[in-house]
Amino acid sequence: MSEPQQSEALSNLLHEDRRFPPPDELAAAANVTVETYAAAEAEGEGFWAEQAKRISWAQEPTQVLDWSNPPFAKWFADGTLNAAYNCCDRHVEAGLGDRVAFHFEGEPGDTRTITYAELTTEVKKAANALLELGVKAGDRVALYLPMIPETVFAMLACARIGAPHTVVFGGFSADALASRIQDCGVEVVITADGGYRRGAPSPLKPAVDEALKSCPEVRSVVVIKRTGQETAMADGRDVWWDDIVGKQSEEHTPEAFPAEHPLYIMYTSGSTGKPKGILHTTGGYLVGCSYTQWATFDLKPETDIYWTAADIGWVTGHSYIVYGPLSNATTSILYEGTPDTPHKGRWWEIVQKYQATILYCAPTAIRTFMKWGADIPAKFDLSSLRVLGSVGEPINPEAYVWYREHIGGDKTPVVDTWWQTETGMHMISPMPGVTSGKPGAAMKAVPGVSVDVVNDEGIPVQNGEGGYLVITKPWPAMLRTLWGDDQRYVDTYWSRFEGRYFAGDGAKKDEDGDLWLLGRVDDVMNVSGHRLSTTEIESALVSHPSVAEAAVVGATDATTGQAIVAFVILRGDATNGGADQVTELRNHVAKEIGPIAKPRQIMVVEELPKTRSGKIMRRLLRDIAENRELGDVTTLTDSTVMDLIKSNLATAP
Ligand code: ATP
Ligand code: MG
């Protein structure tokens, strides 16, 4: 099949002319200003050398980027540092020991306040425990944990002794855990008896026991007591966290590691296929997260109460719950559970209780809140919020406007942050004190970052055109390789366009040159020779008052090549998916985008298959739309969803 030119395609952007300039007060005291963009432009690598001063080095680097062996980058290569020291001890040494690092809120309502002094002590003890278990610098440690403070202690303890961690989302199955343990050669696992999920203790340890049947290399399992559930402990292999960490010395001197020492391996969410083991190293990564958390959220660590409402088992948790916030001495909220336990206002109750000033979450959460209704957040005082962030997928314009209005009191900037596990840090985002926000657009590269949109030949597209998103210069927090597979690293990211990083996402430059993300290149549909983006059609569907969520896929079609199949979840108050309503929705899309975008089929469903980061797994929906066996489902948050959808469709009229 001959592919039409990317540049002639993806050009149906929804018409959007709402603009939200920064509030005056915020702009007047903003961390990032137009001068920051100018400085980054003028200074090039010097800008990153400047940002490197945000962190504390044992040996100051004299080099910035070493790109002598592309695409294998080294940043700040002759510098040495300890990541955990940067997140803990140095703040205590600077007199901030009493500052709160985390306000922890357990799902059952238990709370803990952890200061920087306490964090430092806990991390030192945990580091000593790992040393006692024989963990050495370079050894990989797997973490399979709920959202509790010990998860942070364990990550930083690994970093402190130079043992790369690999955090596996607590919702994953034993199989998913086993394959990650095997892929990165783990010998020590840290887990918990369980965690609280939807109002009940949910066990974790049995999945570890199951996984380890196929991982004979694992010699120790450390088990944190969270729920107090009955837990089987294997003799000689398993040890309780309290027993081994509790008895350790509170003294531990951090060792300085080279900037390029591996910090962690994180597997991608698997939306497009088998997850990839992304390797991040220490110095550049820490500089990148520290700088972007400060810039994108206009962070004022003395006064802000910051909340990334995401799981630590996702890169967003690594960069913006752990390494960014802690290296900046931020006070954060850490919440263990689900947004609807014990009631649908739980998040807003937490915002009100701690007077949160910055909230960062995924569009899927925002759409869920829209579905539940604006009267729920309206019952709480959310006036402390001053910046709202979005991450994980393109935010539909309707969701952006709802978020700003009902959560942000119609005054907060919304920063839509585009980045990936691979990029380690925000790459494209509005800056809250500078950018006049457009609902649905990620706008411009973060100061210091260089991106472009190119056509099939790799030539930058004009304003008003769409194409492939590329990153044109190396950046400090970039992945260094795929764990154990340099060739796949080169092939996946650096081979499509010479000398540039291929992100795998489609994007468009609008008439002002601002960037709109259009979803995965793999998800782009080809209907009668027209290339259409799933994102735009989904946003058109969500702009209809009866639709809460939508997922669109292209299914093979004898006449049109591919046909558009949409799966929609209706809003709570909408009538239930009869033939008339489906016709109305099909016409609505045709009116918003054009007749070519009219879905062949719209299926009303109760749930959509999502990854832990809230991304819709379109490839599984494509399997359904094309009546195929389902592909890899191991990274779904809830694997029963697919059965539900199938039975739903089997009984549909
Ligand atoms: P895999 O690569 O295994 O398929 P994944 O790409 O879903 O997994 P992540 O690294 O968690 O794993 O997701 C990064 C992707 O998420 C980006 O490539 C992009 O498609 C999407 N994304 C993240 N943030 C945004 C955003 N603000 N706007 C648009 N898309 C976003
Ligand atoms: Mg990806």
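Condition check for residue 452 on (1) at pLDDT 95 or above; (2) open to solvent by 10 Å² or more (accessible area, probe 1.4 Å); (3) not in a strand (DSSP E or B): one failure, at (3). The set of residues in the stretch 231-274 being open to solvent by 50 Å² or more (accessible area, probe 1.4 Å) and in contact with a Pro (Cβ under 9 Å, 6 or more places away or on another chain) consists of 232 alone. Quick check on this structure: which one of 524, 547 is under 22 Å from the mean Cα position of the chain (by Cα) and aliphatic (A, V, I, L, M)? Sole residue among the options that is under 22 Å from the mean Cα position of the chain (by Cα) and aliphatic (A, V, I, L, M): 524. Cβ separations smaller than 9 Å between residues 6+ apart or across chains give the following pairs from the stretch 220-231 residues that are farther than 12 Å from residue 244 by Cβ to residues that are of a type in the set (Lys, Arg) and crowded, with 16+ Cβ neighbours inside 10 Å: 229/205; 231/205. When residues in the stretch 47-90 are screened for being assigned to a helix (DSSP H, G or I) and farther than 17 Å from residue 101 by Cβ, 8 of them pass. Residues that are more than 22 Å from residue 637 (Cβ to Cβ), over 31 Å from the mean Cα position of the chain (by Cα), of a type in the set (A, V, I, L, M) and outside any helix (DSSP H, G or I) do not occur anywhere in the stretch 591-599. Filtering the stretch 26-63 to residues that are of a type in the set (A, V, I, L, M, F, W, C), open to solvent by 30 Å² or more (accessible area, probe 1.4 Å) and touching a strand residue (DSSP E or B) at 6+ places or on another chain (Cβ under 7 Å) leaves only 58.
State whether the residues of the stretch 189-197 include one that is of a type in the set (Gly, Ala, Ser), part of a helix (DSSP H, G or I) and either at positive phi or touching a residue at least 24 places away in the same chain (Cβ under 8 Å) (or both). No, that holds for no residue. As for the stretch 233-256, it holds at least one residue that is aliphatic (A, V, I, L, M) and over 21 Å from residue 123 (Cβ atoms). Once the stretch 66-77 is narrowed to residues that are under 26 Å from the mean Cα position of the chain (by Cα) and under 26 Å from residue 326 (Cβ atoms), the residue that is most open to solvent (accessible area, probe 1.4 Å) is 74.
From the list 507, 548, 540, the one residue that fits, being open to solvent by less than 10 Å² (accessible area, probe 1.4 Å), more than 16 Å from ligand 1 (Cβ to nearest atom) and in a strand (DSSP E or B), is 548.
If you filter the stretch 360-415 down to residues that are touching a residue at least 40 places away in the same chain (Cβ under 8 Å) and acidic (Asp, Glu), you find that the one that is least open to solvent (accessible area, probe 1.4 Å) is 393. Of all the residues in the stretch 315-333, those that are in contact with a Lys or Arg (Cβ under 7 Å, 6 or more places away or on another chain) and closer than 10 Å to residue 152 by Cβ number 0. Residue pairs whose Cβ atoms lie under 9 Å apart, sitting 6 or more positions apart in sequence or on different chains, and linking a residue in the stretch 258-285 that is closer than 15 Å to residue 474 by Cβ to a partner that is near ligand 1 (Cβ under 10 Å from one of its atoms) and part of a helix (DSSP H, G or I), are 280/315. Being more than 30 Å from residue 294 (Cα to Cα) and crowded, with 23+ Cβ neighbours inside 10 Å is a description that applies to residue 467. One residue stands out in the stretch 264-278 among those that are in contact with a Gly (Cβ under 9 Å, 6 or more places away or on another chain) and assigned to a strand (DSSP E or B): the one that is farthest from ligand 2 (Cβ to nearest atom), namely 265. Among the conditions (1) out of contact with any strand residue (DSSP E or B) (no Cβ under 8 Å at 6 or more places or on another chain); (2) in contact (Cβ under 8 Å) with a residue 60 or more places away in the chain; (3) more than 21 Å from residue 400 (Cβ to Cβ); (4) open to solvent by 20 Å² or more (accessible area, probe 1.4 Å), the only one that residue 594 does not satisfy is (4). For the stretch 403-441, the tally of residues that are charged (D, E, K, R), within 12 Å of ligand 1 (Cβ to nearest atom) and not in a loop (DSSP other than H, G, I, E, B) stands at 1.
Taking the stretch 420-448, which residues are within 16 Å of ligand 2 (Cβ to nearest atom) and touching an Asp or Glu at 6+ places or on another chain (Cβ under 9 Å)? If the condition is that a residue be within 16 Å of ligand 2 (Cβ to nearest atom) and touching an Asp or Glu at 6+ places or on another chain (Cβ under 9 Å), then 420, 428, 442 are the ones that fit. Scanning the stretch 611-630 for residues that are out of contact with any strand residue (DSSP E or B) (no Cβ under 6 Å at 6 or more places or on another chain), basic (Lys, Arg) and touching a residue at least 40 places away in the same chain (Cβ under 8 Å) returns 615, 619.
Against the criterion of being away from ligand 1 (no atom under 16 Å from the Cβ), in contact (Cβ under 8 Å) with a residue 40 or more places away in the chain and of a type in the set (Ser, Thr, Tyr), residue 647 does not qualify.
Only residues that are within 15 Å of ligand 1 (Cβ to nearest atom) and β-branched (Val, Ile, Thr) were counted in the stretch 393-402, giving 1. For the stretch 339-374, filtered to residues that are under 20 Å from the mean Cα position of the chain (by Cα) and among the aromatic types (Phe, Trp, Tyr), the residue that is nearest to residue 616 (Cα to Cα) is 369.
The values are calculated or read from the model by the stated rules, or taken from the named source; none is laboratory data. It should be emphasised that the depicted structure is a prediction, and the values quoted were computed from it without experimental measurement. Note that we place each Cβ from the backbone using ideal geometry, even for glycine, and neighbour counts take in every protein chain shown. These accessible areas exclude ligands, DNA and RNA; they are computed on the full protein's heavy atoms, side chains included. Shrake-Rupley method; radii C 1.70, N 1.55, O 1.52, S 1.80 Å.
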